[in-house]
1. Suppose a student asked you for the relative contact order of region 66-166, using Cα pairs under 8 Å spaced at least 6 residues apart; what percent would you report?
2. With the cut-off at 1.5 for a/c, could you classify region 65-123 from its C-alpha gyration tensor as rounded, prolate or oblate?
3. Which angle between 0 and 90 degrees, to the nearest 10, do you get for helix 63-77 versus the longest principal axis of the chain when only C-alpha atoms count?
4. Using alpha carbons only, how many angstrom separate the centre of region 122-145 from the centre of region 13-88?
5. Starting from the alpha-carbon convex hull of region 83-176, give the projected area averaged over all orientations, in nm².
6. What do you get for the angle between helix 14-28 and the principal long axis of the chain? Use alpha-carbon atoms, 0 to 90 degrees, nearest ten.
7. For the chain, take the longest principal axis of its alpha carbons; what is the angle in degrees between that and the long axis of helix 42-55, to the nearest 10 within 0 to 90?
8. What order, most packed first, do the peptides 157-167, 6-16, 125-135 have when packing is the mean number of other Cβ atoms within 10 Å of each residue?
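Nothing in this text is a laboratory measurement; each read-out follows from the coordinates by a stated rule. Note that the structure is predicted; figures quoted are calculated from it, not measured. Virtual Cβ from ideal backbone geometry, glycine too; neighbours counted across all protein chains shown.
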Amino acid sequence: MPSTFRIPRAPITGLYGRLLTAYARRTYGEVPDGVHVYFHHQGVLKAVLGFERKVAKWDALDPTLKSYAQLASAGTIGCNWCLDFGYFMAHHDGLDLAKVREVPRWRESDVFTSLEREVIAYAEAMSSTPLTVTDAMTASLVDQLGAPAVVELGQLVAVENMRSRFNSAAGLQSQGYSDVCELPLAVPSGNVRPA
């Protein structure tokens, strides 16, 4: 389903627009729909991109756990764009896609360790309204991962909430990023959309 763009698509123009478009196409195969929305307010766009670069450098939490937490958060909120892109990024990062596919069904699936289940449950609890995080959930994760990793986990889920809520409110839908993950080292081109 193509994005509905509740906020109209902005033309991506100027030198900054050309550089951003070239980077996006080289990195992701196409320009993410959100860039067309954010381009209405380049100050916000630049702040978000700068913040995302810093978030990408956080390293106290295992990358696999990060991916599971982000996907669980996006799924709880219902952001199809974020799930699609999150799956694409998990593929890009070399994660086990069979397990990544199971995140939405983690309660019924037998592929996750007890720690992975706790991380996914925590991400869902943080993404629910109202929050359902408990002292016991947090204490167990601090015991297993350490306080720095749990701080990172909590903030990462909060960031995914920001992404998912903005993208959902803006009407963004899957762009088909995950469709190319079945091909080794595939990069999407054009406006690939799911059927």
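1. Details: 104 pairs, mean separation 39.5, N = 101.
This gives 39 percent for region 66-166.
2. oblate
3. Tilt of helix 63-77: around 80 degrees.
4. 25 Å
5. On the way: hull surface 27.4 nm².
Reported value for the Cα convex hull: 6.9 nm².
6. The two axes meet at around 50 degrees.
7. Computed tilt is about 40 degrees.
8. 157-167, 125-135, 6-16
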